[in-house]
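Notes to accompany the following structure.
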Amino acid sequence: MEETPRGRGAASAYRSPYEQWKVSQGLDTFRGFHVRSLIDIELRPWAARGNASGAFINLDGTGGFNDTYVLEIPPRGQVEPWRHIYEETIFILQGRGSTTVWNDEGKKQTIEWQARSYFSLPPNAWHQHFNLSGDESVRYVAMTSAPRIIDSFKDLDFVFNNPYVFASKFDDEQNYFVEKAETNATNFVSDVLARTPVPGAVTKGGTEGGTGRGGGTVGQGYNMVNGTVRSHSQAWPSGAHSTFHRHGPGIHVLLLQGHGYSMVGPTWEELERVEWSPGTMFVPPEGWWHAHFCTSKDHAVFLAIGWGTDKPKPGGRQYDYSRSPQDGGDQYKFLDETPDVHAQFEAELAKNGVQCRMGAVHPYCTFK
């Protein structure tokens, strides 16, 4: 690693160990608040991974807590075997293929996957990806904890060539990657969209199986790597939106279905719009208020990848979604919203020929 520069201009010249490692990989880094389409971003050859191309994504809302990268494997291609002590969670954007995972060379396990499959790699387990299609490239997005791990240890050999086996998380046990359909505790999901509940009517009592976000939202949790890596998918009806809420850093929101926008800002007066459609990814910064608005005729579904809610609030307290901010909580009620927010939503719905479905729960809905 480079030594930390000192003296005049040191701040502008400094690159963290993680940033130095990225430069050594020869890839572009996409920054900013969001990526409009992970399918459309341009990739560069990733020599260290073998027959593959890639790009890093460091969005503002991560706060250096985690990152993502996109990797593409050509038809019938494969990447080089790789391992690292940081955690990694993978969502397949397109294509079909397989991944072989192992600690012990004689106990390899292979997972077959397709578009919308989702799984997490145990830390420091060897893994290798294969494209099983003869005519379609594989493209996936992976979220990792590389920034904080590489910056903490400042030793790439320790991170990428470490013999330690995290046996409590993966000890080559058989059926580790067999999907468990009746529980959140699963290390593999064959199709996130199929597994996410379909939202029903928006009622005062909420939707059965709801996640507490209001507006008819329903969700599905995923507790991977023996419960140490947690994420969830969420759906809400056409013509509805969630409540405003906030949480810790690094939760990557990846849209799988539907069109609409999210309102995001550090305060109510500073809310900005993020337009989205399938393939869009954004990260609400730590403690920023945000809500998701579905303006399409199809209901909306996203996958929230990250561990940000495990990071406590400043002062050590946990985020509390049972109370409004007036009472020290972290989730607004619909009654707390200002009329202009919902008026803008109904105007967008009208453009798409969609009627607001929130008459039973929202005080400003004009369709009762």
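The values are calculated or read from the model by the stated rules, or taken from the named source; none is laboratory data. If you're wondering where the values come from, they're calculated on a predicted model, not measured in any experiment. Here Cβ is always computed from backbone atoms with ideal geometry, including for glycine, and neighbour counts include all displayed protein chains. Only protein heavy atoms, including side chains, enter the accessible area calculation; ligands, DNA and RNA are left aside. Shrake-Rupley method; radii C 1.70, N 1.55, O 1.52, S 1.80 Å.
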Name the chymotrypsin sites (Phe, Trp or Tyr not before Pro) in the stretch 330-368 that are in a loop by DSSP and that have at most 16 other C-beta atoms within 10 Å, would you?
-> F367
Binning at 10 Å from 0, report for the chain what percent of all alpha-carbon pair distances ends up in each bin.
-> 5, 23, 32, 24, 13, 4, 0
Please list, in chain and number order, the residues 5+ apart from G359 or on another chain whose amide H is under 5 Å from its amide H, with Hs placed from the backbone.
-> none
For the peptides 290-298, 266-274, 109-117, what is the packing order when you average, over each peptide's residues, the other Cβ atoms within 10 Å and list the highest mean first?
-> 290-298, 109-117, 266-274
Evaluate the relative contact order of the stretch 319-368 (contact order divided by residue number), counting alpha-carbon pairs under 8 angstrom at least 6 apart; express in whole percent.
-> 24 percent
Ordering 61-71, 348-358 by per-residue average of other C-beta atoms within 10 angstrom, highest first, gives 61-71, 348-358
Taking only Cα atoms of the stretch 232-296, radius of gyration then Dmax in Å | 11.1, 29
Per residue of the stretch 281-287, in order, report the coupling 6.51 cos²θ - 1.76 cosθ + 1.60 (Karplus, θ = phi - 60°) as ³J(HN,Hα) in whole Hz, putting x for Gly and Pro.
-> 9, 8, 10, x, x, 4, x
Counting Lys +1, Arg +1, Asp -1, Glu -1, what net charge surrounds V274 among other residues with beta carbon under 14 Å of its beta carbon?
-> -3
Given pairs K180/K297; K154/K311; K107/K169; K108/K311; K169/K311 and cut-off 24 Å on Cα-Cα distance, the over-length ones are K180/K297; K108/K311
Enter the accessible area per residue of the stretch 43-112 (Å², integer; probe 1.4 Å; all protein chains in place).
-> 37 Å²
Percent relative contact order of the stretch 11-113, based on C-alpha pairs within less than 8 angstrom and at least six residues apart?
-> 19 percent
Identify, among P75, L59, W46, the residue whose Cα sits farthest towards the positive end of the charge dipole of the stretch 34-175, taking +1 on the Cβ of Lys and Arg and -1 on the Cβ of Asp and Glu, with the dipole about the Cα centre.
-> P75
Whole-angstrom gap from the stretch 256-315 to the stretch 104-137, using each part's C-alpha centre = 29 Å
For the stretch 210-322, the fraction of alpha-carbon pairs in successive 5 Å shells from zero, as % = 2, 12, 21, 27, 21, 11, 4, 1, 0
Using amide H atoms built 1.01 Å from N in the peptide plane, name the residues 5+ places from G329, or on other chains, whose amide H lies under 5 Å from its own.
-> S324
Where the accessible area of the chain is counted over protein heavy atoms with a 1.4 Å probe, how much of it, in %, is carbon and sulfur?
-> 48 percent
Grab the DSSP H runs of the chain that are 4 residues or longer, score each as -39,500 (n - 2.57), total them, divide by all residues and round the 222 nm result to the nearest 500 deg cm²/dmol.
-> -3000 deg cm²/dmol
If we sort 129-141, 235-247 on the protection proxy, mean other Cβ atoms within 10 Å, highest first, what's the order?
-> 235-247, 129-141
Please list the non-local residues whose amide H lies under 5 Å from the amide H of V229, H modeled 1.01 Å from N, same-chain partners needing a gap of 5 or more.
-> M224
Residue by residue through the stretch 136-141, the couplings from Karplus 6.51 cos²θ - 1.76 cosθ + 1.60 with θ = phi - 60°, in Hz, x for Gly and Pro, are 10, 6, 9, 9, 9, 10
Sorting G248, G32, P237 by the position of each Cα along the dipole of the chain (Lys, Arg +1; Asp, Glu -1; all at Cβ), the one nearest the positive end of that ordering is P237
What is the calculated FRET efficiency for A181 to T100, with r their C-beta to C-beta distance and R₀ = 35 Å, to the nearest 0.05?
-> 0.90
Restricting to Cα pairs under 8 Å and 6 or more apart, the percent relative contact order of the chain works out to 14 percent
Give, rounded to the nearest 20 debye, the magnitude of the charge dipole that the chain has about its Cα centre when Lys and Arg contribute +1 at Cβ and Asp and Glu contribute -1 at Cβ.
-> 340 debye
For helix 339-351, what angle does its Cα long axis make with the longest principal axis of the chain, in degrees from 0 to 90 and rounded to 10?
-> 80 degrees
Karplus 3J(HN,Hα) series, Hz, for the stretch 113-128 with 6.51 cos²θ - 1.76 cosθ + 1.60 (x for Gly, Pro) = 9, 9, 4, 6, 6, 8, 7, 10, 8, x, x, 6, 7, 5, 8, 8
